[in-house]
Each structure stands twice: as structure tokens, then as C-alpha cells.
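Here's the structure we're looking at; comments come further down.
The values are calculated or read from the model by the stated rules, or taken from the named source; none is laboratory data. No experiment lies behind these values; they were computed from the predicted model shown. Here the Cβ is made from the backbone with ideal geometry for all residues, glycine too, and neighbour counts use every protein chain on show.
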């Protein structure tokens, strides 16, 4: 049976029918060949009304029997198969597919928002900053930094909530540090324990160190052309990391174009 509601209605109907049958059995008894009514239930004082209820109950019982006879194979199949491991797994797969479809729709909307911003904002720097801000807002990043590759050097580009100090290095050599290694290997990195002092987020409460760091490279013609460092105080699942990597590459492409 495709619709579970039908089974629920069937179950409720059986309960109603059984209840009325029990009431009739308790309230009506034969006496010397004559049906004797002990009392009318629920404060009913009208005998005709009670008769109508009895008739309706009988009709309901007949309809239920007819329904079961007509769809008995389907009902039995539903009752016996509904909770098997196969159907449970199928339900889980259906939920997963719906979640994937929802995520794809969200990804498409994110891309549309980026390209819409590109069309509206004419200033290149402000446009890139706003695009990066969209990414940080979507995934709750506390800080983000992008670098563009020039020959063997990564040069600091647009950033989000990043404070430049006298100790800040605006260039990183490919292969140097974590970001340099990502640029060299072309493989993204997700760190759940950020090295002490690697990144600092300034707030009204002082300096805070993010606990999670994601570094994503952008490859063009088998060469790294840009990377993004994304810092957060929250931990991400494997599925979320996969989505973040995809979205970050879209952002880097938009910044470069």
C-alpha cells in the first residue's frame, strides 16, 4: 500500500467498530425472546438516535470487511513488509536523496547569488569582498583569507574579519607552511586542531583562536592559481566539508574572473 494514511484510517475504523460492538453487547441483552435495553450510552435519550448509531456501526463493519476482502493482499503485504530491514533502508535512502536534492538546490542558489552580485557591483575589490562575505555567512566562518598565486609566491588578496598587523606576511612561498603545502600539492586540508597562534580573530572580548581551519586550492590547467584559508569555531561533517570545498572553488573563480 503506497499511502500509509489509508492503513491508519483502517485501524481507527476497526477500533470505532469494535467499541460500538462492545457497547451494544454490554447494553443490550435478550430477555424471554425480547431485546432489553439496559441503558443508553453517553447520555443519549433518543432511542431513534441510538438505533441510527447501531445501523451506522453495522454499515461501517460491512464496509471494512468489504475493503479488507478487496485489498487484503495489499494490506497483508503492508503489515508484513512495512518494517523489514529492506524497507527501513529504502526509507533512509529516500531521506538521503531528498537531503542531497535540497543541498544541490542550495548550491545553485548560492551560485546565483554570487553571479548576481558580480553583475550589480562594478568595483572589483568591493565585489570580491562581498562574495567572500557570502561564503563566510553561509558556513559560519569567523575569518577568511584568500591568496592569488604569482609564479612561486602566494600573494594576500581579499579577506574577511582579518586584521593586518606588522607581523602579518602578505606573501607565502609555495611549499612554505600549511597554506604553501596546499598550493604545492593541490589537496585541500581540514584541521580540527589549529596550531597555536596560526590565526587570531579579534572581537570585543579580545583575541580568539579558531579551532577549525579549512584550506582550499583552486586548480586551473593542473596548476594552483589561488587558495582560501577559512577559520571557524565550529566543526564540520564530511558532507559539509565536501560542500564547503565546492562552494569555495566557486568563490575563488568569481574573485579571479
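Remark: residue 148 falls outside the filter, which requires a residue to be touching a helix residue (DSSP H, G or I) at 6+ places or on another chain (Cβ under 6 Å) and touching a residue at least 24 places away in the same chain (Cβ under 8 Å). Annotation: residue 197 fulfils all but one of (1) at pLDDT below 80; (2) on the phi < 0 side of the Ramachandran plot; the unmet one is (2). Kindly indicate whether any position in the range 239-247 is part of a strand (DSSP E or B), closer than 15 Å to residue 135 by Cβ and modelled with pLDDT of 85 or more. No, there is no match, as no residue in the range 239-247 is part of a strand (DSSP E or B), closer than 15 Å to residue 135 by Cβ and modelled with pLDDT of 85 or more. For the range 180-191, indicate whether the set of residues that are outside any strand (DSSP E or B), touching a strand residue (DSSP E or B) at 6+ places or on another chain (Cβ under 7 Å), surrounded by 16 or more Cβ atoms within 10 Å (Cβ to Cβ) and without any contact (Cβ under 8 Å) to a residue 40 or more places away in the chain is non-empty. Yes, the range 180-191 contains at least one residue that is outside any strand (DSSP E or B), touching a strand residue (DSSP E or B) at 6+ places or on another chain (Cβ under 7 Å), surrounded by 16 or more Cβ atoms within 10 Å (Cβ to Cβ) and without any contact (Cβ under 8 Å) to a residue 40 or more places away in the chain.
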